[in-house]
Every structure is written in structure tokens, then in C-alpha cells.
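No value in this document is a laboratory result; all are computed from the given coordinates. Not measured: the values here are computed from a predicted model. Reconstructed Cβ throughout: ideal geometry from the backbone, glycine too, with neighbour counts over all protein chains shown.
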Amino acid sequence: MPHLLYEADQRLWLLSTATTCYAIRLDEHDVVRHVHWGAPLTLDQARVLTERIPSPGSSFDSAGGPEELAVEGGARFGPAGLQVRFANGTRGVEWRFAGHDLEDATLRVHLADRHYPLRLTLHYRLHDDSDVIERWATVENHDDRHPVTVQRCDSASWTLPQRAGYRVSHLVGGWNSEFQLRRADVPVAETVFTSRRGMTSHHANPWLALDDGTAAEEHGEVWSTALAWSGSWRITLHRDPTGRAGWTGGFGHEGLTWTLTPGQSLETPVFAGLYSAGGFGGASRAWHGYVRGHVLSHPDEVRPVLYNSWEATGFDVDEPGQRNLAARAARLGVELFVVDDGWFGGRVSDHSGLGDWTPNPDRFPHGLRPLADEVHRLGMGFGLWVEPEMVNPDSDLYRAHPDWVLHMAHRGRTELRHQLVLNLARPDTAAWAHAWLDRLVTANHIDFLKWDANRSMTEAGWPGHADPDRVWIEQTRAVHRIMDRLRADHPDLRIEACAGGGGRADLAVLTRTDQVWTSDNTDPVDRIGIQHGFGQLFPAQVMGAWVTDSPNVATARRTPLRFRFHVAMAGALGIGGDLATWSEDELKEATGLIATYKRIRPVVQHGAAYRLAGAGTLTAVEFTYRDEVVVLAWCPTRAFGHDPGPLRLTALDPAARYRDRDTGALHSGAVLLHAGLPLALPEGEHASTLVHLTRIED
Ligand code: GLA
């Protein structure tokens with residue numbers, strides 16, 4: 001059980017999660033100082049740490065040690081997590097403690113400025129089955145006459161204990177190359193991780209992990225955080241020459257300002273933090289547990305095997321073609337059939353039609369319902385692609401409402417993929433978006449929406465609005481609200497989050513969606529790296545992964561069907577190839593592999609994931625769930641023709657025996673742990689295998 005203790009003498013709070021501990025205190029100036037984040041401590045032990053007051057340094061240094069939300073003001077020279085300007089031009093805050101609430105598993109620390117009627121609350125929420133600490137902040141302007149300008153309001157600042165070195169792990173990429181894991185020494189500097197795109201972004205994900213340079217996959221201390229926000233964000237990691245490191249982060253990018261009118265407040269998104277003593281793998285499994293337990297709405301469901309024809313047909317969708325594909329997909333064992341872009345308005349290419357959300361009468365003369373009924377008759381769910389935030393200028397919607405898009409007076413309207421962004425922060429635009437989505441879902445018995453967003457925000461203005469930069473927050477909140485309302489009204493509706501692939505994958509979008517379209521790049525070799533990065537934070541059940549055609553459309557690489565399947569089977573499997581061109585042999589093989597996936601699916605989607613590394617290019621993931629173990633191993637190339645040798649498994653009972661479900665072979669746990677599992681890899685390039693073991697009772 002988590003518990004929260006307050007020790008009044010020292011003005012110390014001790015927050016204990018399932019296996020870790022976090023401590024903060026108030027100093028003599030009522031500043032909330034960081035004390036500890038890591039291994040469990042008793043109150044007495046934490047008290048000792050509060051006595052270690054940092055030395056004042058020189059007259060050129062910041063004073064007082066790390067803060068829970070590093071504000072601007074006084075002798076503070078690091079990156080500020082809270083920057084405000086009062087109406088008379090004064091900058092910075094000076095705090096007075098204004099009480100705290102300890103309620104269930106939430107701590108709220110209230111601070112008030114000593115002079116101006118500005119208040120700040122720091123929130124900490126714990127869960128009894130997780131080591132994740134959810135933190136956020138609220139800033140309130142209690143002045144009844146004057147506004148306050150907020151130049152930065154982070155959710156939280158995080159501090160590491162002092163270590164000999166610091167290394168950061170983070171995710172970088174772009175369209176078609178999301179979630180590339182990078183590890184680098186933290187420079188003695190300020191390093192900014194950010195998205196200025198109005199979207200979580202393909203380029204950087206608001207997840208970070210720090211270690212002292214010695215952590216490995218299954219051992220070592222790792223401190224990591226993830227921001228629950230789907231718009232622009234900024235995290236500043238700093239390492240001082242004195243040997244301290246920490247970071248501060250929240251929504252919005254640099255240069256935006258938000259005005260709090262009298263009585264207004266601003267609440268930040270949650271910034272979740274996790275300390276793990278179990279290495280990068282332990283941290284990932286703890287995140288996966290948290291996502292399942294406290295983020296996803298339907299974590300216990302298995303994600304269906306879906307079919308999506310985007311790669312096969314592009315914009316050429318019509319009722320006969322989709323019926324044909326649906327019939328083929330159903331025969332393979334597909335459970336959800338998704339019609340992608342091209343079904344509506346004048347959307348025959350990416351130049352036109354976005355915004356006109358009625359079925360294209362040439363392509364679907366009787367609307368979508370006959371196709372939806374046919375898909376249901378075939379025993380599959382019916383899914384549809386939508387992109388509610390966007391509009392092509394060549395559309396009836398834009399011709400009727402040119403003022404509905406984000407724009408600025410006397411600035412151009414930059415088109416990206418020939419489209420503009422609708423300002424959904426406007427109540428009329430949001431009401432329109434909700435209404436057509438609701439009608440569409442109801443009328444066509446839609447089970448699943450692929451919710452896409454194919455461009456970044458530019459000219460994000462809101463002419464006439466008193467606080468125009470608000471749109472960077474309100475746009476994101478509006479998208480979340482529409483999703484929430486749709487889901488509340490349609491409890492069986494499931495949603496896939498997509499933004500040109502993995503451009504919107506974060507803890508906030510996963511609160512109202514069920515899976516993520518990981519990347520438009522479906523090349524299985526590239527996907528191994530993408531999936532490796534994605535899995536640092538997110539569990540396999542939310543990772544959409546399709547098997548598509550060979551050669552791959554993005555990379556022209558040729559790979560065997562089995563290899564493509566084995567890579568995609570490490571996530572929520574989908575099929576995205578042109579089934580009309582698959583040979584009978586391929587269809588037969590695919591049918592078998594889909595059946596195998598359904599057998600291993602509970603283990604992959606609900607199990608604990610262990611990333612394994614073999615020799616050469618061999619990598620693998622092991623999933624364990626109850627008495628079952630599934631290993632998916634991939635070997636893209638074999639240098640010198642060498643075989644990678646046995647793969648050492650992990651997290652098994654050395655005293656137990658395990659039976660291979662396919663070959664019947666018996667293995668001892670101790671041998672698998674210490675000497676490894678010999679892999680029956682086919683010859684040549686792009687070799688892969690799947691092993692499904694069950695622990696047997698002797
Ligand atoms: C984005 C998505 C693709 C597909 C296209 C349709 O790029 O990521 O999967 O839906 O849009 O235009």
C-alpha cells in the first residue's frame with residue numbers, strides 16, 4: 001500500500017510507493033526542496049537527509065538545493081519550471097507555505113506568493129500497485145483586478161541523487177523512423193527535449209530515463225519520467241558542474257505565454273515519474289504495469305487481429321474492392337476490418353476532401369452501412385479511418401468556414417500535406433467535429449476508429465481571442481474531450497491513435513484510446529528498432545504492428561512472410577498487405593501464423609516483456625504470463641554465416657521444466673537460464689523463430 005507521511009518538526013513528507021520512496025521538505029523560506037527519490041527509506045532515515053543542507057556556494061551560484069518546481073526568482077540560475085510576470089512588471093515568486101492536504105493516496109502542497117495573490121499547488125498521486133508517482137501543478141490567480149502572465153508552467157521538476165556520472169536514454173526519430181532509442185552521457189549543460197509541433201511528435205517522445213552510466217537491461221538504478229500530454233512540450237535536462245542532475249518539464253514550448261485573468265487558474269498535465277532498481281527492463285515492465293493499471297480503459301481485453309488496406313490500395317477504396325478484401329481477410333482469421341483514407345467527400349488523393357465526412361457517392365453509392373453489415377456478417381468488427389482535426393482547403397467545409405482553421409491575421413496559411421488544422425478549441429468547430437463523428441459511429445455501427453492527424457501546427461493563432469497562445473493547450477484538450485465524449489457515449493468503440501504513424505503516442509492519448517499506430521514504416525527490419533524504442537514505455541498490447549507486402553513500400557527490402565509475421569507478432573498484430581496478390585501458399589502460411597498469434601496473444605499482450613540480446617544481429621523479446629513463455633527472435637543478417645548460438649532466457653524458474661508447445665521438447669529452467677535455448681533458425685538472411693513454452697508440473 002502506498003503511504004504518505006508528514007513529519008511536522010522537519011516539515012518533511014515521505015511518499016512510499018509499492019517498492020520505492022520519494023521525500024520532500026519545506027525549507028526555512030517555505031521553498032519545497034527535493035530530498036530523495038529512490039530506494040525505500042524510513043522516516044528516520046529521510047530525516048537524516050533533510051539535515052544535509054547544501055553549502056551556499058559563491059555569490060554566483062544558485063542557493064538552497066534542488067526544488068520540486070524550480071521557479072524563477074531570487075538566487076536561482078537554472079532552468080525555471082514556473083515563470084510569471086505580474087501586471088506591474090515584477091517577475092518571479094516568493095513563497096509562503098499555505099498548507100497541505102493528505103487525502104487517499106494524494107498529497108497536495110499549497111504555496112502562496114508572499115505579496116501577490118498567486119497560488120501554486122503541487123500534486124502528488126500514488127497507486128498501491130505501482131512505483132509511478134504522478135505529479136502535476138496548478139497555478140491560480142486570486143487577484144480580483146490584475147492578470148498574471150505565465151511564461152512557463154511545468155508539471156514538475158525531478159532531481160536525481162548525486163552520482164559519479166549521468167546518462168540519458170531518450171527516443172528520437174521522424175516520420176517513418178519513430179522511437180529510435182539513444183543513450184548518451186548527459187553534458188554539463190542544459191539539454192532541451194521538445195516538440196513545437198502542437199503534437200507529441202515523431203521527433204522526440206516526452207519520455208526520458210536517467211542512470212549513472214552503469215545500468216543495463218536487467219540491473220541498475222533507472223529514473224524515468226513520461227509526460228501525459230499530446231501537444232507541444234518541453235523538458236530541460238540540466239547537469240551542473242557541481243555534480244547534480246535533474247530535469248523540469250511540462251506542456252508548451254518556449255516563447256508561448258498564457259494570461260491568467262482574475263480568478264483564472266491553469267492546471268498542467270501529469271508528469272509521471274518512476275524509479276526502478278531493476279535496470280531498463282525493470283523500468284519498462286513497471287511502466288507497462290502502470291499503463292495497464294492506470295492509463296488504459298480496457299487493459300484486460302485482447303486487441304483483435306486487424307486488417308487495413310492502406311498500403312495495399314492507398315486512396316483507391318470502394319465498396320466492391322473493400323468487400324473483396326474483407327472476404328479474404330475473414331478467411332485468414334482477421335477479427336477487425338478497417339477502411340482507411342479515401343472513403344469520403346472528394347478524397348481521391350491527399351489534395352482534397354478532408355473535412356467532408358460523408359461517404360463518397362461514386363465509391364459507396366449506398367453509404368458505408370452495406371459494407372459495415374457485410375464485415376459484421378463475416379464475423380469481423382468494422383473500423384474506419386478519420387482525421388477530425390484537419391481540412392483540405394479544397395473541401396466544402398473550408399469553402400464554408402475558412403475561419404475555422406488555425407490562422408493569424410496577415411500571415412500565410414502554411415499547407416502541409418495540402419491540409420490545414422481546424423481550431424477545435426473553438427466551441428462551434430468542436431461541436432461540429434463531435435456531431436459528425438457521433439453520427440458516423442452510430443449510423444454505421446462502427447467498432448473502431450483509426451484517428452489520424454497528418455501534420456504539425458503552424459500559424460497557431462486565434463484571431464480575436466484575448467489570449468491567443470492558449471490555443472496550444474486548448475486544441476489538445478479539445479481533441480481529448482471529443483475522444484472522451486465519444487467513448488462515453490459509445491462504450492464499445494475502440495480507438496487507434498495515429499499521427500502519420502507514431503506522432504501521437506503518449507500517456508494522455510492512451511487514456512482515451514486503445515492502441516497506437518506505431519509507424520507508417522512497416523519494414524520488419526526497421527520495425528525491430530522502432531518496437532525496441534516504443535516498448536521502453538508502452539506495453540505490446542498498444543503497439544499496432546502490420547504484416548505488409550514484400551518488397552516493402554518504404555524500403556524496397558524483401559523479407560520472408562514468416563519474418564514479417566514474427567516481428568509484428570510482438571505487438572497487436574494486423575495485416576496490411578494486398579491480399580489479392582498473395583499466393584495460395586502465402587495465404588495458407590498467413591492463416592497458420594494468425595492462428596498461432598491468437599494462441600500466444602494473451603502472453604504477448606498481457607505478459608511481462610523481457611528484451612533479450614543474442615550474438616550478432618540477433619535480438620529477441622521474451623514474454624511471460626502465468627505458466628507460459630513466448631520468445632520471438634529475429635536475426636536480420638548473419639555476418640560470416642555464423643549462427644547466433646543459443647539464446648539465454650530470463651525470468652524462469654530454474655527448478656521447473658518447460659515444454660515446447662510446438663515440438664514437444666522438454667527444457668529445464670536452469671539450462672534455459674544459464675546455457676540458453678538453441679534456436680531453430682532457418683538459413684540465410686531475415687531468419688526468425690517463435691518458441692512457445694509452458695511450464696509443466698512434475
Ligand atoms: C497516415 C497514416 C497512414 C494512413 C494515411 C492515410 O499517414 O499513418 O497509416 O492512414 O495517413 O492518408
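Here are the numbers for the structure shown:
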{"quantity": "Modelled FRET efficiency - R0 22 Å, residue 49 with residue 96, Cβ distances, 0.05 increments", "calculated": "0.35"}
{"quantity": "Over region 612-696: Kirkwood hydrodynamic radius from C-alpha pairwise inverse distances, Å", "calculated": "13.0"}
{"quantity": "Globularity ratio of region 1-95, using Cα Rg and 2.2 N^0.38 Å", "calculated": "1.22"}
{"quantity": "Theoretical gain in end-to-end length, residue 10 to residue 190 [0.36 nm per residue, Cα-Cα removed]", "calculated": "61.6 nm"}
{"quantity": "Rounded to the nearest 20 debye, dipole of the chain from Cβ charges on Lys, Arg, Asp, Glu", "calculated": "500"}
{"quantity": "Contour minus Cα-Cα distance for residue 19 and residue 670 (0.36 nm per residue)", "calculated": "231.6 nm"}
{"quantity": "Around residue 108: net Lys/Arg minus Asp/Glu count, Cβ-Cβ under 14 Å", "calculated": "-4"}
{"quantity": "Net charge, residue 686 excluded, C-beta distance under 14 Å - Lys, Arg +1, Asp, Glu -1", "calculated": "+2"}
{"quantity": "Efficiency of FRET from Cβ geometry, residue 350 and residue 377, R₀ 41 Å, rounded to 0.05", "calculated": "0.80"}
{"quantity": "Net charge, residue 8 excluded, C-beta distance under 13 Å - Lys, Arg +1, Asp, Glu -1", "calculated": "+1"}
{"quantity": "Selected from 613, 139, 354, residue furthest toward positive end of dipole (the chain; charges at beta carbon)", "calculated": "613"}
{"quantity": "Cα-based equivalent ellipsoid, the chain: semi-axes from gyration tensor eigenvalues, Å", "calculated": "43, 35, 20"}
{"quantity": "Modelled FRET efficiency - R0 45 Å, residue 39 with residue 399, Cβ distances, 0.05 increments", "calculated": "0.10"}
{"quantity": "Longest site-free stretch - the chain; sites: chymotrypsin sites (Phe, Trp or Tyr not before Pro), DSSP loop, at most 12 other Cβ within 10 Å", "calculated": "78-698"}
{"quantity": "Loop GluC sites (Glu not before Pro), region 358-461, which have at most 15 other Cβ atoms in a 10 Å radius of their Cβ (DSSP)", "calculated": "415, 459"}
{"quantity": "Relative contact order, percent, the chain [alpha-carbon distance under 8 Å, six or more residues apart]", "calculated": "10"}
{"quantity": "For region 400-537, the Rg and Dmax computed from alpha carbons only, in angstrom", "calculated": "16.5, 50"}
{"quantity": "Relative contact order (percent, whole number), region 494-540, Cα cutoff 8 Å, 6+ residue spacing", "calculated": "34"}
{"quantity": "Residue 158 long-range amide H proximity, modeled H, under 5 Å", "calculated": "247, 248"}
{"quantity": "Region 271-391, dipole about Cα centre (Lys/Arg Cβ +1, Asp/Glu Cβ -1), debye to the nearest 20", "calculated": "540"}
{"quantity": "Cα-projected label distance for residue 662 with residue 481, points at 7 Å along beta-carbon direction, nm", "calculated": "5.1"}
{"quantity": "Cα convex hull of region 67-294 - mean projected area over all directions, nm²", "calculated": "13.0"}
{"quantity": "Region 612-696, dipole about Cα centre (Lys/Arg Cβ +1, Asp/Glu Cβ -1), debye to the nearest 20", "calculated": "200"}
{"quantity": "Backbone N within region 444-467 under 15 Å of label point (7 Å from residue 261 Cα along the Cβ vector)", "calculated": "464-467"}
{"quantity": "Low-density loop positions, trypsin sites (Lys or Arg not before Pro), region 559-661 - DSSP coil, at most 12 other Cβ in 10 Å", "calculated": "626"}
{"quantity": "Residue 298-residue 103 pseudo-label distance in nm [points 7 Å out on the Cα-to-Cβ vector]", "calculated": "3.2"}
{"quantity": "Net lengthening on full extension, residue 277/residue 643 (0.36 nm per residue, minus Cα-Cα)", "calculated": "128.4 nm"}
